[in-house]
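Working notes, beginning with the structure itself.
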Amino acid sequence: MSDTRRRLLDALAAADGPVSGPELADRLGVSRAAVWKQVEALREAGFDVASDAAGYAVRGVPDYGADAIAYGLDAPYAVEYHDRLPSTNDRARELAVEGATDHVVVAGEQTGGRGRLDRPWSSPPGGVYASLLVRPDRPPAHVPVFTLAAAVAVTRACREAGVDAVIKWPNDVLLAESERKLAGVLTEMEGEADRVSWLIVGVGANVDVAAEALPETATSVRAAGGVADRRRFCQRVIEAFHGLDPEATLPAWRDHAVTLGREVRVETPGGVVEGEAVDVEFPGALVVRTDDGDRVVHAGDCEHLRPA
Ligand code: BT5
């Protein structure tokens, strides 16, 4: 999406009435003909843009797509949309290699969606598949906190959609009642010893999807009775992620987590750790109280056993 297009969308979204062509041209620093051309392009993309003597006003926004997500988005990310991709993380990686940052790649469906450890991620139409590409000025060791931030962002988006979502360590978003999975996060990065070069936070969320189209352990915002609006959901995830700095993330994560206080079994690369999950530590490690004392677990698959 061009910078002019994005600024036009921002100007139209911020206006509470019609905005005249000359005013838009002035604000965007382009000709009136260029404004008219961009407005035509928005109409082609499905926007209902009214124009009269007073100027242009948006009366309707398409359900989904780059312009629809960018319209009213309160975060400085460029949005790239594809109806279908193998994996949004893979496309974001291409952009990272080209030097881009602050981009979000969104797909309507994925044909090769991935979870952690190369597990498949079911990605039928109706889900939100979005990869955020950022370059935080942080050492690679801090990266897990961004994964936790994404889980918080998705949980907030679910709750705003009217679904009681909670987080299972480290990054699964579950429906509280059934503990079925609503969303997951896959983080990938490249870095040097002391600094992240790029970071891709990939979010997969079951929004407007029927439960039958998903694995048995999964559910969706729609199946849980929530407002299944992909556009709004995607915007909320991006905005909430952008608004969470690493220092604010852990307290927010604790507030939304269901794992703390539970008996857990964590399969780590170094073996199984069982006990009560008592806290999460920066940058995202789980503290498990075992019979042999507290163990700090940095990575692994966590299973909730029974209430502590
Ligand atoms: C995750 O992995 O939860 C991370 C999923 C990240 C997917 C996003 S979509 C956008 C971006 N592009 C990608 O290619 N990936 C990211 P993990 O914790 O490993 O969980 C994977 C497991 O969840 C699978 O083995 C299944 O059991 C289950 N699963 C697969 N698809 C699911 C779905 N749609 N909803 C809920 N659970 C699912």
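The values are calculated or read from the model by the stated rules, or taken from the named source; none is laboratory data. Remember, predicted model here, so these are calculated numbers, not experimental data. Quick reminder, even Gly has a Cβ in these numbers, built from the backbone with ideal geometry, and neighbours come from all protein chains shown.
Table for the structure above
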quantity: All positions within segment 52-70 that are without any contact (Cβ under 8 Å) to a residue 24 or more places away in the chain and within 18 Å of Gly21 (Cα to Cα); calculated: Ala53, Arg59
quantity: So Glu179, is it more than 15 Å from His256 (Cα to Cα) and surrounded by fewer than 17 Cβ atoms within 10 Å (Cβ to Cβ); calculated: no
quantity: Any chance Val152 is in the same structural domain as Ala223 (by TED's automatic domain parsing), out of contact with any Cys (no Cβ under 7 Å at 6 or more places or on another chain) and not in a strand (DSSP E or B); calculated: yes
quantity: Residues satisfying the stated conditions in segment 95-115, i.e. within 13 Å of the ligand (Cβ to nearest atom) and surrounded by fewer than 22 Cβ atoms within 10 Å (Cβ to Cβ); calculated: Gly108, Glu109, Thr111, Gly112, Arg114, Gly115
quantity: Segment 71-94 residues that are farther than 20 Å from Glu188 by Cβ, paired with ones that are part of a helix (DSSP H, G or I) and of a type in the set (S, T, N, Q) (beta carbon under 6 Å, 6 or more apart); calculated: Leu73/Gln235
quantity: Sole exception among (1) among the small types (Gly, Ala, Ser); (2) more than 12 Å from the ligand (Cβ to nearest atom); (3) in contact with a strand residue (DSSP E or B) (Cβ under 7 Å, 6 or more places away or on another chain) for Ala151, by number; calculated: (2)
quantity: Any hit, segment 276-290, residues being free of Cβ contacts under 8 Å to residues at least 60 places away in the same chain, surrounded by fewer than 22 Cβ atoms within 10 Å (Cβ to Cβ) and either closer than 14 Å to Ala150 by Cα or in the same structural domain as Asp172 (by TED's automatic domain parsing) (or both); calculated: no
quantity: Restricting segment 173-182 to residues that are part of a strand (DSSP E or B) and in contact (Cβ under 8 Å) with a residue 40 or more places away in the chain, the residue that is nearest to the ligand (Cβ to nearest atom); calculated: Leu182
quantity: Search result, residues across segment 211-236 that are more than 12 Å from the ligand (Cβ to nearest atom) and within 10 Å of Gly126 (Cβ to Cβ); calculated: Arg222, Ala228, Arg230
